[in-house]
Amino acid sequence: MPTERLTQLPDAVRRLIEKVNGPVVDVGTITAGLNSAVAARVRTADRTMFVKGLPLDHPRVWTQKREAQIAPHVRSIAPKLLWHIEENGWSLLGFEYVEGGHADYTPGSPHLPTLMATMTRLADVPAPSFELKTMPHRLRTYVDDPADLSWFAGNALLHTEWNPHNVLITDSGALFVDWGWASLGAAWIDPALWLLWLISHGHTPEQAENAAAAHPAWKLAPTTGLDVLARVQQRVWNSIAEQSEDDWAKPMQNAAQAWNEYRQP
């Protein structure tokens, strides 16, 4: 479920930021995104940052630590992490502020090849040595036969969360943000999860698969593995839509159903 976004910096958060970077001179709340209680553009005397945070007692505060761990490994494809603080009831991440807009996923968008170029670079990033969630583990409750989970196994570092708000389009290319759900799995899973978002933004399943096929790992994707993932994703998004009233959940549920029907008519 999404986390309620605060519209002003709590005093404790402001003090922590100033402890690291000096007096705050300007704050702009950022409304995009779903998973942070605090998300703001913060300007001090010498720099502008993007600060995101969760209370330390939030059930998903572990995603903050995961982002801090991942950051050194994805410097070439993500905004630079400047600091990570866990004090006074808050977990905060301070990133270099990047000027850019969120990706447009509609058919014909010039952002799609830009995003794919960065996704291809992600495929070359070695998996970090610390423990990450695996796709077989994440999807274990959505399969009919536990043996089907073997299709998802692999050592590729995956982003997995392809909401267009997690993709910044800049003058120099695409950058990926919000790495809290980074996982290990088969390299073809990222483009497969991405194509669901394309379908939800107006692509047909065939068009979406053609876009995903630009990823080098797509040619390695086993037909049966894709069929299983399509079936699993329909179950995943059925579950999400049942629990969420947000306006993005139903289109994603419809997209997952369309892809599953396309692969298993």
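Please name all residue pairs, on different chains or six or more residues apart, with Cβ atoms under 6 Å, provided the first residue is in region 143-164 and is under 30 Å from Ala103 (Cβ atoms) and the second residue is part of a helix (DSSP H, G or I) and of a type in the set (Gly, Ala, Ser).
Qualifying pairs under 6 Å: Trp151/Gly225.
Give Val236, Val228, Val232 a once-over and let me know the one that is surrounded by fewer than 22 Cβ atoms within 10 Å (Cβ to Cβ) and either closer than 18 Å to Arg138 by Cβ or outside the structural domain of Thr134 (by TED's automatic domain parsing) (or both).
Sole residue among the options that is surrounded by fewer than 22 Cβ atoms within 10 Å (Cβ to Cβ) and either closer than 18 Å to Arg138 by Cβ or outside the structural domain of Thr134 (by TED's automatic domain parsing) (or both): Val236.
Restricting to region 65-89, count the residues that are part of a loop (DSSP other than H, G, I, E, B) and either more than 14 Å from Phe176 (Cα to Cα) or not small (Gly, Ala, Ser) (or both).
The total comes to 7.
Can you name every residue in region 135-171 that is more than 15 Å from the chain's Cα centre (by Cα), in a strand (DSSP E or B) and surrounded by 15 or more Cβ atoms within 10 Å (Cβ to Cβ)?
Residue satisfying the conditions is Ala156 alone.
The rows are residues; the columns are (1) of a type in the set (A, V, I, L, M, F, W, C); (2) touching a strand residue (DSSP E or B) at 6+ places or on another chain (Cβ under 8 Å); (3) free of Cβ contacts under 8 Å to residues at least 24 places away in the same chain.
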position	(1), (2), (3)
Phe95	yes, yes, no
Gly101	no, yes, no
His111	no, yes, no
Ala117	yes, yes, no
Thr120	no, no, no
Ala123	yes, yes, no
Pro126	no, yes, no
Phe130	yes, no, no
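Restricting to region 118-130, name every residue that is farther than 13 Å from Thr170 by Cα and either at pLDDT 95 or above or not hydroxyl-bearing (Ser, Thr, Tyr) (or both).
Met119, Thr120, Arg121, Leu122, Ala123, Asp124, Val125, Pro126, Ala127, Pro128, Phe130
Here are some residues: Val125, Val74, Val98, Val51. Which one is within 18 Å of Val167 (Cα to Cα) and touching a Gly at 6+ places or on another chain (Cβ under 7 Å)?
Val51
State whether the residues of region 225-247 include one that is in contact with a His (Cβ under 9 Å, 6 or more places away or on another chain) and closer than 21 Å to His159 by Cβ.
Within region 225-247 (the criterion being in contact with a His (Cβ under 9 Å, 6 or more places away or on another chain) and closer than 21 Å to His159 by Cβ), the answer is no, since none of the residues qualifies.
Give me the pairs: first residue in region 8-32 and assigned to a loop (DSSP other than H, G, I, E, B), second residue modelled with pLDDT of 90 or more, beta-carbon distance under 7 Å, and six or more apart or on different chains, which are they?
Short answer, once both residue conditions are applied: Gly22/Thr44; Pro23/Thr44; Ile30/Arg41; Ala32/His102; Ala32/His165.
Kindly list the number of the only condition in (1) of a type in the set (Ser, Thr, Tyr); (2) closer than 17 Å to Thr106 by Cα; (3) within 16 Å of the chain's Cα centre (by Cα) that fails for Ser183.
That leaves (2) as the condition not met.
Kindly indicate which of Ala256, Ala208, Ala214 is touching a Leu at 6+ places or on another chain (Cβ under 9 Å) and part of a loop (DSSP other than H, G, I, E, B).
Answer to the check: Ala214.
Here are the criteria: (1) in a strand (DSSP E or B); (2) more than 19 Å from Ser172 (Cβ to Cβ). Tell me which single one His58 does not satisfy.
(1)
The values are calculated or read from the model by the stated rules, or taken from the named source; none is laboratory data. Here the structure is a predicted model, which is why all the values come from computation and not from measurement. Here the Cβ is made from the backbone with ideal geometry for all residues, glycine too, and neighbour counts use every protein chain on show.
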